[in-house]
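The values are calculated or read from the model by the stated rules, or taken from the named source; none is laboratory data. Because the structure is predicted, anything quoted here is derived from the model rather than measured. Cβ placement follows ideal geometry from the backbone for every residue including glycine, while neighbour counts extend to all protein chains displayed. For accessibility, only protein heavy atoms count, side chains too; no ligands or nucleic acids. Shrake-Rupley method; radii C 1.70, N 1.55, O 1.52, S 1.80 Å.
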Amino acid sequence: MSVTAGSTPNSAWIKYWGNRNDALRLPMADSFSMTLDSPTVEITLDHADVLSVRSFNPDGSEKELGAVHIQRFGKTLELVKQYLRTLGVEDALPASALITVRSQIPPAVGLASSSAVFSCLARAIQGLILPAIELTDEQTSVLARLGSGSAARSIFGGFSALLAGESDAIGSAYGRQYADEHHWALYNVILVPSMHEKKVGSTEGHPTAHTSPHYAARVQAIRTRRQRECIDAVLTKDFEKLQHVVEEDCIDMHHVMRTSTPPLDYLTEDTHRITRDITELRRSEHLPVFYTMDAGPTVQLLCTEEARDRVLAFARAQEGCALFEAKTGPGACLIP
Ligand code: PMV
């Protein structure tokens, strides 16, 4: 029997950066995001004795997967088994699996494709082991987190957090939904200045966070204030408050990245120009729009319906940039 699931990336507003336990992907601080409705990833999971991963591009051609990618899936399945053991169902998963990934996400779009892939894999695993155990969404988000921390948030639709927790227990950090996708329709206009593969992926980046002299203050700010402010802004649909806290957290994360050893500077001249220009446009036209960037030069412009056409026109005028659009989405689901 095979199981197929679908999922999407999310737009991180309070960013996950740095772990208290890198091997188990246990974060230092909470994070928060909006799940997007596109681009989608579909994963079909089949029983198999040895691990095999096949991946297909948006145009249907098969993607040559490097050893590192295949190892990441193998490692994730091992960790999933370790977690299932703590739930008393270690035999629920087959010895290994045939994983078929069909992705609509353009390569290196700068949207965390790993958040879509590993939330999708987690949802598929949840479906596959259903006869043995009915995992809750929070438990399923732990499975997702074991592949990619941000993926824990894409299990849910709408607006959700990855709660860091405190202990070293494998299940101590998990996702939680604060409002579903019907709560607030927000649009994400995504501008990709460069389609080059990024040099340092987030898995390699997280362990460097602790080397920045600004990291402790970042963790403290999220724990004491920012996460709460972001959740409140979303629940009360206070766009201006959301804009302030999201941009503050984004600038802060990139400051930590740049001051780490080795320094990670993901932002380019194009990124800085776009964020400068959108800030000016917001001021002069009173537009409800804010920006955020993850581990790459891609700029996400989040806006309400009323600002959407203006933001799209701004985005279309950016020469040499690829453009994608998404909105609030429903999260990972099983496909019958
Ligand atoms: O889930 P990871 O390990 O790919 O880390 C994601 C890191 C950021 O995209 C920079 C922030 C986030 O919260 O998504």
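Among the protein heavy atoms, those of Met1 account for about 150 Å² of accessible surface (1.4 Å probe, every chain in place). Which FRET efficiency value, to the nearest 0.05, do you get for Ala313 and Asp232 by plugging their Cβ-Cβ distance into 1/(1 + (r/R0)^6) with R0 = 51 Å? It comes to 0.95. Region 53-99 and region 217-234 have Cα centres lying 33 Å from one another.
In this label model, Gln104 and Leu323 are separated by 1.9 nm, measuring between points 7 Å along each Cα→Cβ vector.
So for region 187-327, Kirkwood radius off the Cα pairs, Stokes-Einstein at 20 °C and 1.002 mPa s: how many µm² s⁻¹? In µm²/s, the coefficient is 134.
A 1.4 Å probe over all protein chains sorts His182, His206 by accessible area into His182, His206, starting with the largest. Quick one: angle between helix 113-128 and the longest Cα principal axis of the chain, in degrees between 0 and 90, rounded to 10, please. Relative to the chain, helix 113-128 is tipped by roughly 30 degrees. Multiplying the residue separation of Ser172 and Glu269 by 0.36 nm and subtracting their alpha-carbon distance yields 31.0 nm. When nucleic acids and ligands are ignored and a 1.4 Å probe is applied, Glu305 ends up with an accessible area of around 110 Å².
For region 159-165, putting each phi into the Karplus relation 6.51 cos²θ - 1.76 cosθ + 1.60 with θ = phi - 60° gives couplings of 10, 9, 10, 9, 8, 5, x Hz, in residue order, rounded to whole numbers and with x for Gly and Pro. Among the protein heavy atoms, those of Arg102 account for about 120 Å² of accessible surface (1.4 Å probe, every chain in place). Checking the table Lys241/Lys327; Lys63/Lys241; Lys75/Lys241; Lys81/Lys237 against a 31 Å threshold on Cα-Cα, which pairs fail? In this structure, Lys63/Lys241; Lys75/Lys241; Lys81/Lys237 exceed 31 Å between Cα atoms.
Can you tell me how much longer the chain between Glu64 and Lys81 gets when fully stretched, taken as 0.36 nm per residue apart minus their C-alpha distance, in nm with one decimal? Please report the intermediate quantities before stating the final value.
Working: separation 17, 0.36 × 17 = 6.12 nm, distance 2.67 nm.
Stretched out fully, the Glu64 to Lys81 stretch lengthens by 3.4 nm.
For every helix of n ≥ 4 consecutive DSSP H residues, a contribution of -39,500 (n - 2.57) applies; sum these over the chain, divide by its total residues, and give [θ] at 222 nm rounded to the nearest 500 deg cm²/dmol.
Taking each H run of at least 4 residues, the total per residue is -11000 deg cm²/dmol.
Among Ser141, Ser154, Ser167, the largest mean-square fluctuation in a Gaussian network model of the chain (Cα springs under 10 Å) belongs to Ser167.
With K and R counted +1 and D and E -1, the other residues having a Cβ less than 14 Å from that of Ala152 yield a net charge of +3. What part of the accessible area of the chain, given as a whole %, is carbon or sulfur when the probe is 1.4 angstrom? Solvent-exposed carbon and sulfur of the chain make up 51 percent of the total. For the chain, the alpha-carbon coordinates run over 60, 43, 40 Å along the three principal axes, in decreasing order.
How large is the charge dipole for the chain, taken about the Cα centre, if only the Cβ atoms of Lys, Arg (+1) and Asp, Glu (-1) carry charge, to the nearest 20 debye?
With Lys and Arg at +1 and Asp and Glu at -1, about 460 debye.
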